[in-house]
Structure formats: C-alpha cells, structure tokens
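Student: Here it is: the structure, laid out below.
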Amino acid sequence: MPLPIHIPGKDLFDEKNGKFITVKETNILLEHSLISISNWESKWHKPYLSSDKKTTEEFLSYLQCMCLTKNVDPNVFYALSAEDVKKIADYITNPMTATTFKNRDQKKSREIITSELIYFWMTSFNIPFDPCEKWHINRLLTLIEVASIKNQPAKKMGKREAARERAALNASRRAKYNTRG
C-alpha cells in the first residue's frame with residue numbers, strides 16, 4: 001500500500017548556487033518495496049537494508065526511488081516537512097502484517113542482505129515476483145521468513161517426549177480395545 005504525501009508549494013534557498021528555487025504544490029505516492037530498494041542499490045552500489053546510517057543525499061535518493069508519481073521535480077523532496085519525514089519513517093518501519101513470530105532465534109546473521117538475495121529467496125520459495133516485489137518490503141520479508149520456517153524439516157522428538165507419546169497411544173489403544181496391555 002503506497003503512502004500518499006502532500007507537499008505544499010514553497011520557496012527554498014539553494015545555498016550551493018546562491019539562488020531561490022520555487023517548489024510547486026505536489027502530491028506524491030511512495031512505495032517501500034523491493035523494486036525501490038533494487039533501484040537505490042543500483043545507484044549507490046551498497047546494500048540498503050544494512051544498519052549503516054544513510055546520508056541526507058542517500059535518504060533523498062531513496063525517496064526518489066520510492067516515488068511512484070511520474071515526472072516529480074527532485075526539489076520537491078527538499079520541501080518535505082519534519083512531519084512528512086516522520087510519516088515516511090513510520091511507514092518504512094511498519095510491519096504491514098499481522099504475522100508475528102514466537103521464540104524467534106535472534107541470532108544476527110552476518111549475511112549482507114541485498115535486493116538480489118531477496119530475489120533469490122523469492123525464487124527458492126516460488127514466490128512470484130509480480131505482484132510481491134511491489135509489496136511493502138517488511139511484508140515480503142515476513143512471507144520469506146514464514147516460507148523458510150514452513151520448509152524446515154520437522155524437529156526430532158526428545159526421548160522423553162517420544163516415550164510420553166507412545167504411552168498415550170498405548171493407553172488409547174487399551175481403552176479402545178478394552179485390553180490390559
């Protein structure tokens with residue numbers, strides 16, 4: 001689900017060139033998706049989903065990659081209010097799903113996650129690119145994690161658990177056939 005943002009018209013001062021820039025009133029739609037991340041990584045040649053802090057230039061570039069609205073003046077992104085930036089940050093961190101994980105092993109992987117790795121995971125789990133690459137990235141990553149969990153082999157039972165299961169099965173059979181063992 002894209003995020004709509006309304007940017008009122010305003011005048012900005014370009015310190016680099018020493019002149020004023022007029023930004024027209026604009027409505028944009030932003031989408032935090034695999035496509036957006038892939039486009040950003042193509043430009044910056046580094047993983048977007050890393051814990052590294054983004055520079056202002058990188059952040060504004062990502063907003064341009066997220067933008068679904070065509071032919072938007074790049075200066076519009078400099079006219080975003082603090083409230084708009086917070087709304088965008090909240091949108092980016094929103095899980096976009098009701099799925100939660102209990103007893104999640106929080107072992108941090110040292111694997112660098114790039115858009116190509118996510119596309120590989122999608123291929124491995126037969127997740128279709130269209131429409132899933134347009135989903136909110138957090139929802140897509142949750143689907144990939146669910147697929148990973150569901151595709152793992154069943155864990156072996158411990159000796160005590162297996163003994164309890166056999167005892168319960170034997171007790172139910174004795175009751176069913178009215179025998180003593």
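Student: Evaluate E = 1/(1 + (r/R0)^6) for GLU57 and ILE149, where r is the Cβ-Cβ distance and R0 equals 35 Å; express this FRET efficiency to the nearest 0.05. Present the calculation step by step, with values, prior to reporting the outcome.
Tutor: Working: r = 38 Å, r/R0 = 1.09.
Working from the Cβ atoms, E equals 0.40.
Student: Using helices alone, I'd like the mean residue ellipticity at 222 nm for the chain: each DSSP H run of four-plus residues gives -39500 (n - 2.57), total over residue count, nearest 500. Don't jump to the answer; show the numbers that get you there.
Tutor: Working: 7 runs with 81 residues, N = 181.
It lands at -14000 deg cm²/dmol.
Student: First measure r as the distance between the Cβ atoms of ASN94 and ALA163, then evaluate 1/(1 + (r/R0)^6) with R0 = 35 Å and state the FRET efficiency to the nearest 0.05. Walk me through the numbers on the way to the answer.
Tutor: Working: r = 46 Å, r/R0 = 1.32.
Computed FRET efficiency for ASN94 and ALA163 comes out at 0.15.
Student: Whole-Hz Karplus ³J(HN,Hα) for the range 86-91, in order, using 6.51 cos²θ - 1.76 cosθ + 1.60 and θ = phi - 60°, x for Gly and Pro?
Tutor: 3J(HN,Hα) across the range 86-91, in whole Hz: 5, 4, 5, 4, 5, 5.
Student: Zone of LYS102 (label point 7 Å along Cα→Cβ, backbone N under 15 Å): which residues in the range 152-169?
Tutor: none
Student: If you scale each eigenvalue of the Cα gyration tensor by 5 and take the root, what three semi-axes come out for the range 133-181, rounded to whole angstrom and sorted largest first? Before the final figure, lay out the partial values.
Tutor: On the way: eigenvalues 386, 32, 8 Å².
Taking √(5λ) for each Cα gyration eigenvalue gives 44, 13, 6 Å.
Student: What is the local net charge at TYR91, summed over the other residues whose Cβ is closer than 13 Å to its Cβ (Lys, Arg +1; Asp, Glu -1)? Spell out each step's value before the answer.
Tutor: Working: positive: LYS86, LYS87, ARG139; negative: GLU31, GLU83, ASP84, ASP90.
Net charge in that neighbourhood comes out at -1.
Student: As a quick test, which of the pairs LYS24/LYS54; LYS150/LYS176; LYS19/LYS134; LYS134/LYS156; LYS16/LYS54 have an alpha carbon distance above 32 angstrom in this structure?
Tutor: On the way: LYS24/LYS54 27 Å; LYS150/LYS176 34 Å; LYS19/LYS134 38 Å; LYS134/LYS156 38 Å; LYS16/LYS54 21 Å.
Beyond 32 Å between Cα atoms: LYS150/LYS176; LYS19/LYS134; LYS134/LYS156.
Student: Can you give the extra length, in nm with one decimal, that the chain gains between ASP11 and PHE129 once fully stretched, where that is 0.36 nm per residue apart less the Cα-Cα distance?
Tutor: Numbers: separation 118, 0.36 × 118 = 42.48 nm, distance 4.08 nm.
Full extension of this stretch gives 38.4 nm more.
Student: Please give the peptides 119-125, 16-22 ranked by average Cβ packing (other Cβ atoms within 10 Å per residue), highest first, as a rough proxy for protection. Show your work: numbers first, answer last.
Tutor: Values: 119-125: 14.3, 16-22: 9.1.
Packing proxy ranking, top to bottom: 119-125, 16-22.
Here, each number is a calculation from the coordinates, and none is a lab measurement. Here the structure is a predicted model, which means the values were calculated and not measured. Every residue, glycine among them, receives a Cβ derived from its backbone with ideal geometry; neighbour counts consider all protein chains shown.
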